Amino acid sequence: MTGNSNRNNNSEEKELVYGVHSVIELLKSSTADQRVNKVLVQKGLSSEHIAEAIKLAKRDRLIVQEVPKNKLDDISEGGNHQGMAAYIAPYQYAEMQDIFDNAKKKNEDPFILILDKIEDPHNLGSIMRTADAVGVHGIIVPKHRSTGLTSTVAKTSTGAIEHVPVVRVTNLVNTIKDLKKKNVWVFGTAMEGDNYRNWNAKGAVALIIGNEGKGISPLVLKQADQTLNIPMVGHVQSLNASVATGILLYQAFASRNA
Ligand SMILES: C[S@@+](CC[C@H](N)C(=O)[O-])C[C@H]1O[C@@H](n2cnc3c(N)ncnc32)[C@H](O)[C@@H]1O
């Protein structure tokens, strides 16, 4: 491999691999799907190798972004990037089966958290911290428009990132349909719905939490078996996603352990 890799110092704190051959080797590895956050290609540049890399990235439905040459010069800190780089997550994603194995190992019904496009790494880290505290067996996130498992997430999770598997999926709606086939009861959350205090979270359950601005997307919410609401009597319209998750997960914890 002519490859190069570094831990770059930008605010996203992601690991960078650059050089077309390094990126191809990375994309050929069996864990590329779980590790690669984004592939960057120099605008206007084409070659057989670049085409091969793009094909591999698209096979795994990874994000491929065209960027100007000076952006690649910048992030590779003057390294020989050959018009191509990839950001990889410092922490590896898990497989769906890991969540079910995790539950089985503890002799418990699956307790799953689905995050519909959480964008703020501090929110994700803090959600992971609570998820670990209440024994969530795994978290499911969509591949697109979610924060990756960055160092900021790891730091905010205070170590929970090592214990709570995170699975990345291409299509949340299909994933929820699959979970339902496995007899998992799926609970959405919204500004209207059933009072969360009455939530019976015994059995195999999945809780969906929505994006910081847009909430849960309508197609995803439609898949929920029930929608839960945390009543609010003040002036603001909603709670912070991580605060809401904490309240809901502790209701589930109390109900599951009653
Ligand atoms: C900041 S809120 C999103 C608000 C968004 N404007 C909406 O109307 O859904 C982010 C997520 O936190 C959860 N959440 C926040 N406040 C909640 C509440 N009072 N009841 C239930 N879930 C809540 C939901 O999962 C929501 O999608």
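Brief remarks on what is shown
- Where a residue in region 187-199 is part of a strand (DSSP E or B) and its partner, wherever it lies, is open to solvent by 80 Å² or more (accessible area, probe 1.4 Å) and more than 10 Å from the ligand (Cβ to nearest atom), with Cβ under 9 Å and at least six apart: Gly188/Lys222
- Of residues in region 137-179 being closer than 19 Å to Lys38 by Cβ and basic (Lys, Arg), the one modelled with the highest pLDDT: Arg168
- Set side by side, the residues Asn211, Asn229, Asn200 differ, and just one is of a type in the set (S, T, N, Q), open to solvent by 60 Å² or more (accessible area, probe 1.4 Å) and on the phi < 0 side of the Ramachandran plot, which is Asn200.
- Hits in region 147-158 (condition: part of a loop (DSSP other than H, G, I, E, B), without any contact (Cβ under 8 Å) to a residue 60 or more places away in the chain and crowded, with 20+ Cβ neighbours inside 10 Å): Thr147, Ser157
- Qualifying residue in region 159-176 (condition: free of Cβ contacts under 8 Å to residues at least 12 places away in the same chain, within 14 Å of Ile114 (Cα to Cα) and not assigned by the TED database to the domain that holds Arg59): yes
- Total residues in region 207-257 satisfying the condition of being part of a strand (DSSP E or B) and either farther than 17 Å from His137 by Cβ or more than 11 Å from the ligand (Cβ to nearest atom) (or both): the figure is 7.
- Residue check, Ala204 more than 10 Å from the ligand (Cβ to nearest atom), among the small types (Gly, Ala, Ser), at pLDDT below 95 and closer than 18 Å to Asp109 by Cα: no
- Helices (runs of 4 or more DSSP H) completely within region 29-112 that count 2 or more residues being at pLDDT below 95: 32-35, 48-59, 69-75
The values are calculated or read from the model by the stated rules, or taken from the named source; none is laboratory data. Because the structure is a prediction, the values reported are computed rather than measured. A quick note on method: Cβ atoms are made from the backbone with ideal geometry, for glycine too, and the neighbour counts reach across all protein chains shown. The accessibility values were calculated without ligands, DNA or RNA, using every heavy atom of the protein model including side chains. Shrake-Rupley method; radii C 1.70, N 1.55, O 1.52, S 1.80 Å.
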